[in-house]
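These notes concern the structure reproduced below.
Only the coordinates and a few stated rules stand behind these numbers; no lab work does. Keep in mind it's a predicted model, so treat the numbers as computed, not measured. Quick reminder, even Gly has a Cβ in these numbers, built from the backbone with ideal geometry, and neighbours come from all protein chains shown.
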Amino acid sequence: MQGATSERASWGQILAVAAAYAACYEVTRYFSYSHWILTAGLRLGCLLLVPYRFWPALILGESLPVVQNALLHEADFGWAWTCVSSIPFIPLCMPFVKAIREKMPLYDANGQLNATTILFATLVCALITAVRTDLAVFAALIVTPDGWDAWRSEALIDLLAYVLGAYLGALSLAPMLLVLREGFRENLSWKRFFESRLTRDVALGALPLLLVFAAVASVSSGLSLDVLRLGMAVPVIALTARHGWKGTAITGMLSSIALATTSATLLDPAMIRTQVILALVISGSLIVGIKRSHTALDRSLSHPSIKR
């Protein structure tokens with residue numbers, strides 16, 4: 001699943017990839033909301049990892065559910081919303097991600113991840129997703145007499161919420177897809193997976209802690225709820241310190257899910273503040289974790305027993 005290649009994909013391969021992507025898109029969209037957009041993570045992960053020859057399949061796979069959803073709700077939101085909402089997000093992101101991949105390769109010469117590439121691509125795709133989503137909201141509002149005034153007064157708030165949602169959604173899923181890719185590259189067996197320290201620390205440490213926090217948060221309010229939500233960032237920091245960027249990716253996804261379960265209303269200011277903090281923690285932890293893996297590789301290469 002690397003960059004450009006001279007091979008051409010067959011129609012069977014394109015249809016298979018499109019069907020798989022469409023199915024995954026529907027699943028991630030089901031669990032998404034305005035400030036936690038998991039489809040952005042699926043989109044970014046595929047654009048970073050899938051060879052260019054399969055990109056038409058990604059467009060086809062996203063177009064099917066997007067157009068279907070737009071047509072189903074045409075009577076509710078009007079023809080203008082349907083036209084805007086029929087535009088899939090992924091072709092809008094493709095030229096930017098392609099330029100990023102070519103100017104800043106995802107992996108360096110030693111096979112190590114580039115944190116700048118991941119975070120820059122995440123931010124760019126989040127901005128594109130937010131603008132396209134906000135335009136659809138405006139298109140839905142223009143069918144009402146006060147549509148323009150309503151959209152203009154809330155446009156900035158909505159746009160920032162969508163940027164956060166796409167950014168955090170991308171950080172929740174895309175790094176995890178990179179972890180899975182690393183596992184395939186290393187031919188990781190189920191035995192090694194279950195015996196690894198990372199699996200043990202997640203299963204016996206981070207996951208139980210997040211489950212407890214989410215359960216207690218469901219019956220809490222006020223300051224205690226805010227503290228519990230902030231506490232969900234702790235496993236990200238802890239497992240980054242122990243396992244590098246892979247710990248960040250796994251606990252970042254789990255912490256985002258746990259935090260999402262505590263949301264009772266959309267555009268809750270307290271929830272959004274916590275999500276901003278979690279997004280910053282995951283971003284910083286990715287940078288630190290990837291840098292740590294680079295340092296570990298440099299040390300191994302400089303070790304006398306490794307030198308040729």
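Using just its DSSP H runs of length 4 or more, each adding -39500 (n - 2.57), the chain gives a mean residue ellipticity at 222 nm of -25500 deg cm²/dmol after division by all residues. Rounded to the nearest whole Hz, the Karplus-based 3J(HN,Hα) values (6.51 cos²θ - 1.76 cosθ + 1.60, θ = phi - 60°) of the range 91-96 follow the sequence x, 5, 7, 4, x, 6, with x at glycine and proline. Whole Å is fine, so just give me how far the alpha carbon centre of the range 238-272 lies from that of the range 90-121. With the range 238-272 and the range 90-121 each reduced to a Cα centre, they are spaced 23 Å. Taking every lysine pair in the chain that is 8 or more places apart or spans two chains, those with Cα atoms closer than 23 Å amount to 4. Given axes a ≥ b ≥ c from the Cα gyration tensor, I'd like to know whether the range 192-247 is rounded (a/c under 1.5), prolate (a/b larger than b/c) or oblate. Judged from the Cα gyration tensor, the range 192-247 comes out oblate (a/c at least 1.5, b/c at or above a/b). The order of 125, 24, 93, 83, going from fewest to most other C-beta atoms within 10 Å of their C-beta, is 83, 24, 93, 125. Each label point was placed 7 Å from the Cα along the Cα-to-Cβ direction; for residue 230 and residue 257 their separation is 2.6 nm. Across the range 189-308, C-alpha contacts under 8 Å between residues 6 or more apart give a mean separation that, scaled by the residue count, equals a relative contact order of 27 percent. A simple spin-label model places the labels of residue 186 and residue 268 3.7 nm from each other, with each point 7 Å out along Cα-to-Cβ. Here the Karplus curve 6.51 cos²θ - 1.76 cosθ + 1.60, taken at θ = phi - 60°, turns the phi angles of the range 74-83 into couplings of 4, 5, 7, 10, x, 5, 5, 4, 4, 5 Hz, with x standing for Gly and Pro. Per the Debye formula on identical point scatterers at the alpha carbon atoms of the range 1-67, with no solvent, log10 I(q)/I(0) at q = 0.13 Å⁻¹ is -0.36. Dimensions of the range 189-308 based on its C-alpha atoms, expressed as ranges along the principal axes with the largest first, amount to 61, 29, 19 Å. A dipole drawn for the chain from +1 and -1 charges on Cβ atoms has a positive end, and of 48, 168, 156 the residue lying farthest that way is 48.
Shown for 190, 245, 79: other C-beta atoms within 10 Å of each C-beta, ranked fewest to most, produce the order 190, 79, 245. Approximating the spin labels as points 7 Å out from Cα along Cα→Cβ, the residue 10-to-residue 212 distance works out to 5.4 nm. The gain in end-to-end length when the residue 241 to residue 59 segment is fully stretched comes to 61.7 nm, 0.36 nm per residue minus the alpha carbon separation.
Please label the shape of the range 1-125 as rounded, prolate or oblate, based on the square roots a ≥ b ≥ c of the eigenvalues of the alpha-carbon gyration tensor (a/c under 1.5 means rounded; beyond that, a/b larger than b/c means prolate, else oblate). Intermediate values should be presented prior to the final figure.
Working: a/c = 2.28, a/b = 1.56, b/c = 1.46.
In terms of gyration-tensor shape, prolate.
For residue 79 and residue 29, what does the FRET efficiency come to when R0 = 30 Å and r is the distance between their Cβ atoms, rounded to the nearest 0.05? Walk me through the numbers before you get to the answer.
Values: r = 22 Å, r/R0 = 0.74.
After rounding, the FRET efficiency stands at 0.85.
Here is the size of the chain from its Cα atoms: Rg then Dmax, 20.6, 76 Å. Considering only alpha-carbon pairs that sit under 8 angstrom and 6 or more positions apart, the relative contact order computed for the chain is 19 percent.
The 3J(HN,Hα) values that the Karplus relation (6.51, -1.76, 1.60; θ = phi - 60°) gives for the range 160-176 are, in residue order, 5, 5, 5, 4, 4, x, 6, 5, 5, x, 5, 5, 6, 10, 4, x, 5 Hz. Gly and Pro appear as x.
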